[in-house]
There are 2 protein chains.
Amino acid sequence: MTPELQAQYEGGLKAALDAGYTVLEAGGSSLDAVEAAVLVMEDFPLFNAGKGAVFNNVGGHEMDAAIMFGLGLEAGAACGVSHIKNPVKLARAIMEHSGHVILCGAGAEQFAKRQNIAFEDDAYFYTEQRYKQWQEALKEDRVQLDHSDKKFGTVGAVALDKEGNLAAATSTGGMTNKKFGRVGDSPVPGAGTYANNNTCAVSCTGHGELFLRCVVAYDISCLMEYKGLSLKDACDIVVYDKLVKIGGEGGLIAIDKLGNIEMPFNSDGMYRACRSSEGRMEVKIYKTPSP
Amino acid sequence: MTPELQAQYEGGLKAALDAGYTVLEAGGSSLDAVEAAVLVMEDFPLFNAGKGAVFNNVGGHEMDAAIMFGLGLEAGAACGVSHIKNPVKLARAIMEHSGHVILCGAGAEQFAKRQNIAFEDDAYFYTEQRYKQWQEALKEDRVQLDHSDKKFGTVGAVALDKEGNLAAATSTGGMTNKKFGRVGDSPVPGAGTYANNNTCAVSCTGHGELFLRCVVAYDISCLMEYKGLSLKDACDIVVYDKLVKIGGEGGLIAIDKLGNIEMPFNSDGMYRACRSSEGRMEVKIYKTPSP
């Protein structure tokens, strides 16, 4: 990581944070805020989502995204979609207009066309960095998490608005060189993405298979609702204990109905940022301080 | 429902029950037992899974299945797969041999070929009953749950073996006339299928979108683990209160680590059966007694 690259990442995080916060400051909904923030990160080439999505085994880009609104537990998710410029927009259209929660692959793309969701050709999704990562993975015939340096590139946002509504959104390109239509936790309500006005909103990044098996996002909500834990205690148990025991590297961002914010991770770093109406503002990559 | 048809359904349930129980009686694992039971139901033409899977909007069959083992929270799921004779076998192969949890669509079918999973052509999946249901749905341009008489046809099994290991499996053809690659709760660990040796094993059937948003199967596990509820109390809250409030019609089968069995549903009926080493044995369709 060079200082220049670090500054680029921080710039991308700050732009996403500003996009989401601007919505909230103007009195907008948490749903609009998380969509706005994720959209900026999908358009930013360094994150593993939208434009910067990793290559799959055949040189394409299969993306997953989800969005969830805590007021009525509304949720929408797109799995394994190609050529969609902003999968988070498709997830929201699925939530609001499909009558379903999860749509997959070519079928989801057909639905996207009917909803006038923007498509892009393969050239749009080409980034030199991702191409090199794919070539290296191809050479060794391995499927790998999106960052060899253990900072995952899946993007997500959580927000609480002035009406007290929580929302979460997540978007990812998944694993480099992935085969067989693999889908991780990101688009799965309860696993990589969850929002419930009674408890919290959560968006995860990390080794998706383990996050799926641990139903991570909903686990945090249940620890709060059924065990009476604080957001921090719930996050600590899930990220530093349960996930570590099962080998689940990664982290998450979470906000509760009181506006408490947690951004725990058990990996070397996690690109993250937060801003609250009470003046807290952070843009970070590494551990400061250690958990 | 004619007496003849009812007898056929009961025969199918009994055959599945016997297949699973035979495995357990011989000292086999709960994982083998749930796979054996679901396999019988996938081959049985009246249930909405495998051979009897409903038609999608273009006259095909897109099936979903999952399996989960409570010992280590291992899970495997196939979403939107066509021409797979027994999707539960594919789900298990995904769990044991893919390094992933969820595989979708054509990619999952490629993986199935490598694992020598049996394929069948369209003719195998043709049943007159499902074809008629599809034609009716097509005429009115609606997507419908698999039974207009409100007894859902998704199949599932849960089991506890003598080692104390819990397992769950679910398999479905989804909704008649479905479009856009719709996937419900069945193949999603935590939503339609879940197993955890600390708590319970659960398999759901019903309106998948609502079950997904409520993360139903894991919710029951969390109510037991974090709130100390019995399996019965956890099931009652989720099926008769939480799901009803959100409009989520359906039910589930569940067994806990002590061998307690619950089969609650808020629909008119639910095809169900159970057998325990202590002598309980039931094969039922309607409410007896009312919840």
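A few comments on the model shown:
- Among the residues of region A:67-123, those that are among the aromatic types (Phe, Trp, Tyr) and surrounded by 19 or more Cβ atoms within 10 Å (Cβ to Cβ) comprise A:Phe69, A:Phe111.
- Every pair of residues 6+ apart whose Cβ atoms lie under 9 Å, when the first sits in region A:186-197 and is in contact (Cβ under 8 Å) with a residue 60 or more places away in the chain while the second is part of a strand (DSSP E or B) and of a type in the set (Phe, Trp, Tyr): A:Ala195/A:Phe69; A:Asn197/A:Phe69
- Index of the failed condition, A:Val58 passing every other in (1) within 12 Å of chain B (Cβ to nearest Cβ); (2) under 13 Å from the mean Cα position of the chain (by Cα); (3) of a type in the set (A, V, I, L, M): (2)
- Meets criteria (more than 18 Å from B:Val216 (Cβ to Cβ), open to solvent by less than 20 Å² (accessible area, probe 1.4 Å) and either in contact with a Lys or Arg (Cβ under 9 Å, 6 or more places away or on another chain) or at pLDDT 95 or above (or both)) for A:Asp161: yes
- Region B:67-87 residues that are within 9 Å of chain A (Cβ to nearest Cβ), paired with ones that are among the basic types (Lys, Arg) (beta carbon under 6 Å, 6 or more apart): B:Leu73/A:Arg213; B:Ala75/A:Arg213
- Filter pass, A:Asp141 being over 18 Å from A:Lys51 (Cα atoms), in a loop (DSSP other than H, G, I, E, B), open to solvent by less than 10 Å² (accessible area, probe 1.4 Å) and within 14 Å of chain B (Cβ to nearest Cβ): no
- Qualifying residue in region A:249-264 (condition: assigned to a loop (DSSP other than H, G, I, E, B), under 24 Å from A:Gln8 (Cα atoms) and touching a residue at least 24 places away in the same chain (Cβ under 8 Å)): yes
- Checking each residue in region B:50-66 for being at positive phi and either modelled with pLDDT under 95 or open to solvent by less than 10 Å² (accessible area, probe 1.4 Å) (or both) picks out only B:Gly50.
- Residue list for region B:94-128, restricted to those being among the hydrophobic types (A, V, I, L, M, F, W, C), more than 8 Å from every other protein chain (Cβ to nearest Cβ) and either touching a residue at least 40 places away in the same chain (Cβ under 8 Å) or out of contact with any strand residue (DSSP E or B) (no Cβ under 7 Å at 6 or more places or on another chain) (or both): B:Ala118, B:Ala123, B:Phe125
- Taken as a whole, the condition of being modelled with pLDDT under 95 and over 16 Å from the mean Cα position of the chain (by Cα) does not apply to A:Asp236.
- Residue tally, condition among the aromatic types (Phe, Trp, Tyr) and open to solvent by less than 30 Å² (accessible area, probe 1.4 Å), over region A:252-291: 2
The values are calculated or read from the model by the stated rules, or taken from the named source; none is laboratory data. Every value quoted in this text rests on a predicted model; they were computed, and no experiment measured them. Quick reminder, even Gly has a Cβ in these numbers, built from the backbone with ideal geometry, and neighbours come from all protein chains shown. When the accessible area is computed, the model is the full protein with side chains, heavy atoms only, and any ligands, DNA or RNA have been set aside. Shrake-Rupley method; radii C 1.70, N 1.55, O 1.52, S 1.80 Å.
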